Amino acid sequence: MHRSILFICSLFLCLNYSAQAQAPTFTQVEPGIFKAIIGKPDNFNLLNAAGAIPYHAGLVEMGNAGFPLNKADISATVVNGKTYLRFPLTRTEQLYGFGLNFQTVYQRGKILTLHVDNYAGKDNGRTHAPTPFYVSSSGYGVFINCARYITVYAGTAVRADSKTPAEVLDRNTDKNWKSHPYSDAVEMLIPAEGAEIYIFAGPTPMDAIRRYNLLNGGGCLPPRWGLGFTQRVQRLTDAAGVTAEAKAFEDKGYPLDFIGLEPGWQSKSYPCTFDWDKTRFPDPKALVQDMLKKNIRLNLWTNPYVSPEAPIYKTILPYTASHTVWNGLVPDISLPKARDIFFGQLETGKVDIGISGYKMDEVDGGDGYLWPDVAIFPSGHTAEQMRQTYGLMMQRYVTELYHKRNQRTFGLVRASNGGGASLPYVIYNDYYNHQDFITALINSGFAGVLWTPEVRASKTSEEWLRRFQSNIFSPMAMINAWSSGTKPWTFPDVAEQVKQLANLRMQMMPYWYSEFAKYHFQGIPPFRAMNLEPGFNSTQGIKVVQTKTNLEENPYEESVSKEIKDQYMAGEYLLIAPMFTGQNSRTIILPKGKWFDFYTGKFAGDGEVITVTPGLDKIPVYVKDGGIIPMMPPLLHAPKANQQVDLEIRYYGNKPGTYNLYDDDGETFNYEKGDYSFRQIKVTKQNGKITSSISNAAPGKPNSFKNITFKMMTE
Ligand code: GAL
């Protein structure tokens, strides 16, 4: 080709790129949150499917912060009905988030398609909560409010016209040659004619996460009983079995706050009738009321797929999708009429007789079970949009059933998405890898969701105990015995240790409850990665793993740096380092600052890597210097509204410590009207002299504590 023609062609290409690219216009919508509308976004999106209303007061309290990126480095283009987004990425940034990943914490270098799905063993974007939110180690966050399958190039793609191009090296001779050259952007492809984008200011990554959660309405605040212990019984357990289960817990002295009934409460399931089985449950109301008298609640499993034998089959038929799931109709719950019928059925004879919540199953995938992407929904929303939002909508509308009764709920769900942080549900799945369960717990804090590493069955008592240990340091302490029928005492040789752990869970209720209040009012995730902890050095004690170089197998193989995915932060002060089957000892990275053993109060280390051999009975837990952990006696059930419990305030280390102890009635939504308080706890140690105080209970507000004592854990 003639040179001048080439030049004209490339000039045309350049012009073409820039002509299409739009520099988005951002407006500050809340302090430190900036929004841009690109092209023509779908009307139906994640935030409105979730019904998210920003928690404005919390955002105001965080204060203003400027736009955290260079606006000119962000670009958006709509081409052929698709939206192309590009956000800048510097050389040293690490990226976190992009949903509930199970195997990796670092997301830089990934190509993901964010797609609600059953997790199938690979962090490829298909997961139970593929939240299109990421946070950078440089202290800002990005959220795409769009209910589509978004493809993300998280620092993988290199543009020919990059202003900060990677150095070109010679693979033949240069050891520093890389198969993945530096990429200066996070790019996204959205299969829609536009999208809403949100940028969250820092200055720290935690600040960006907090702003994201507060935009969602703040994190959920479970009822107190939700933070106790829950047992899901075998699927065909009947009313007598439920009563017997509750009695066994009571007789043996194991705490129990709610029992989960699995598919057998329904007369038919897969597809579901949403109707009690009359043989197994002749008088559900009497059972529920009897249980409530014992301070035990019931939670019901369901999936949304309507059996031809369901009482609502005929009425809901016009409002269902073109395709079935497990031979059941799929209600289009984005339609008010479908909602009236469907959630009405979940309310009548269930919520209105005292059922405390639902476990909403099978709203995630996989593809072979769920409706296909060619399914048509009567609302006109695409199958893709419904897939991305179904779990969100289930959570939202069941929560509304409780909200209108001024009663809090806490349940389980298998799919969620961006916008859902305020919805009181915990994600679970059938995948059962203990290590990966912990990585998911870490990543839940980047995704605005809660996750439980549930205990189901185990091959050995060692595995049972190890799983149980990490489970009590998670949002929902639970055995899911739907298939195995296991009980806390299933392994007699560790039954006592399991009881001690369940008791510890109960003792720590004032701590867990306060930490969830901080999730709600301040957006701070109660369970989160070490990387968010000040003074944490992720490279400490970590060797860069030099992978074997076998050019035949993979000509582009590179060394990878390891990440920390087996220890995490729980609440303000605790560092949890789970042990896994077969491990006798493990290493733990303690961030800078002094750390103390949770059980003994002894000094454990400061900004260093320690190796511990805790024995089978202990899960290593450490408390930050000045840490305060409020504890109550190990009751068998969570305290009821207006019930006062003794409070023991444990103090660790030597630094002056403060703690905001949250209190409200624990059961209703009255906190939304201001009926709550944070009490300030202070402890100082000077020349061996200890001064401790707790502010008085706010007059006219619930006061759940009596006989308050302090316990100095560190000599
Ligand atoms: C699965 C669910 C299990 C259990 C089971 C009942 O989908 O993950 O926890 O509820 O269904 O059939």
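The values are calculated or read from the model by the stated rules, or taken from the named source; none is laboratory data. Keep in mind that this is a model prediction, so the values were computed, not measured. For neighbour counting, all protein chains shown are included, and Cβ atoms are generated from backbone atoms with ideal geometry for every residue, glycine included.
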Exercise. From V288, V363, grab the single residue that is in a helix (DSSP H, G or I), crowded, with 18+ Cβ neighbours inside 10 Å and β-branched (V, I, T).
Key: V288
Exercise. Take segment 331-360 and flag every residue that is within 26 Å of the chain's Cα centre (by Cα) and in a loop (DSSP other than H, G, I, E, B).
Key: D332, I333, S334, I355, S356
Quiz prompt | Contacts under 9 angstrom Cβ, first residue in segment 207-236 being more than 25 Å from M506 (Cα to Cα), partner small (G, A, S) and within 16 Å of the ligand (Cβ to nearest atom), 6 or more apart | solution = R235/G264; R235/S269; R235/S483; L236/G264
Quiz item: What about F200, is it within 23 Å of the chain's Cα centre (by Cα), away from the ligand (no atom under 16 Å from the Cβ), modelled with pLDDT of 95 or more and over 30 Å from Q28 (Cα atoms)?
Solution: no
Exercise. Counting only residues that are surrounded by 15 or more Cβ atoms within 10 Å (Cβ to Cβ) and not aliphatic (A, V, I, L, M), give me the strands (runs of 3 or more DSSP E) lying completely in segment 602-674 with at least 2 of them.
Key: 603-606, 621-624, 645-651, 657-663
Quiz item: Has segment 225-237 got any residue that is within 16 Å of the ligand (Cβ to nearest atom) and aromatic (F, W, Y)?
Solution: no
Quiz prompt | In segment 247-266, the residues that are within 16 Å of the ligand (Cβ to nearest atom) and under 25 Å from the mean Cα position of the chain (by Cα) | solution = F258, I259, G260, L261, E262, P263
Quiz item: Looking at (1) of a type outside the set (D, E, K, R); (2) farther than 28 Å from Y513 by Cα; (3) within 16 Å of the ligand (Cβ to nearest atom), which is the one condition that is false for A477?
Solution: (2)
Practice problem: Would you check which residues across segment 51-68 are in contact with a Pro (Cβ under 9 Å, 6 or more places away or on another chain) and surrounded by 18 or more Cβ atoms within 10 Å (Cβ to Cβ) and list them? | Solution: L59, M62, A65, P68
Quiz item: Any idea which residue in segment 315-350 is farthest from the ligand (Cβ to nearest atom), counting only those that are out of contact with any His (no Cβ under 9 Å at 6 or more places or on another chain) and among the β-branched types (V, I, T)?
Solution: T315
Quiz item: Within segment 399-446, can you find the residues that are in a helix (DSSP H, G or I), within 16 Å of the ligand (Cβ to nearest atom) and over 17 Å from F133 (Cα atoms)?
Solution: D436, F437
Exercise. Name every residue in segment 269-303 that is aromatic (F, W, Y) and more than 14 Å from the ligand (Cβ to nearest atom), in order of residue number.
Key: F274, W276, F281
Self-check item: Scan of segment 496-513 for residues that are surrounded by fewer than 24 Cβ atoms within 10 Å (Cβ to Cβ) and not hydrophobic (A, V, I, L, M, F, W, C), ordered by number
Solution: E496, Q497, K499, Q500, N503, R505, Q507
Quiz prompt | Subset of segment 351-371 that is without any contact (Cβ under 8 Å) to a residue 60 or more places away in the chain and away from the ligand (no atom under 16 Å from the Cβ) - its residue that is nearest to V426 (Cα to Cα) | solution = V351
